[in-house]
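Here the structure comes first, spelled out in structure tokens, and everything after it is commentary.
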Amino acid sequence: MDEESDCFATWYFDLEKSETAVENVETEEAPAKVVASYTVDGKTLNAKTVRKGIVINKFSNGKARKVVK
């Protein structure tokens, strides 16, 4: 290739177009349930164990929440 033909592509951007984002998407998520509970030092708690202090609950949607009882 010679120096005059080194251009591979030309790009044009249309900045006048309106948005193309998806809006008002409705999702129905089931309420998250507690899958497991842990102490601060990582020990697994029983579902029937009532413990005062900090408890870490792991939910079915993958999130975790610290609860002070």
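Once the range 57-69 is narrowed to residues that are open to solvent by 100 Å² or more (accessible area, probe 1.4 Å) and in a loop (DSSP other than H, G, I, E, B), the residue that is farthest from Glu28 (Cα to Cα) is Lys69. Output the residues belonging to the range 45-56 that are more than 12 Å from Val68 (Cα to Cα) and surrounded by 10 or more Cβ atoms within 10 Å (Cβ to Cβ). Result: Leu45, Thr49.
All conditions but one from (1) over 30 Å from Ile56 (Cα atoms); (2) modelled with pLDDT of 70 or more; (3) open to solvent by 100 Å² or more (accessible area, probe 1.4 Å) apply to Pro31; the one that does not is (1). When you check Val40 against the structure, is it at pLDDT 90 or above, in a loop (DSSP other than H, G, I, E, B) and surrounded by 10 or more Cβ atoms within 10 Å (Cβ to Cβ), yes or no? Answer is yes for this residue.
The values are calculated or read from the model by the stated rules, or taken from the named source; none is laboratory data. All values reported here derive from a predicted model rather than from experimental measurement. Methodologically, a virtual Cβ is constructed for each residue, glycine included, from the backbone with ideal geometry; neighbour enumeration extends over all protein chains shown. Just so you know, the surface numbers come from the protein's heavy atoms only, side chains and all, with ligands and any DNA or RNA stripped out. Shrake-Rupley method; radii C 1.70, N 1.55, O 1.52, S 1.80 Å.
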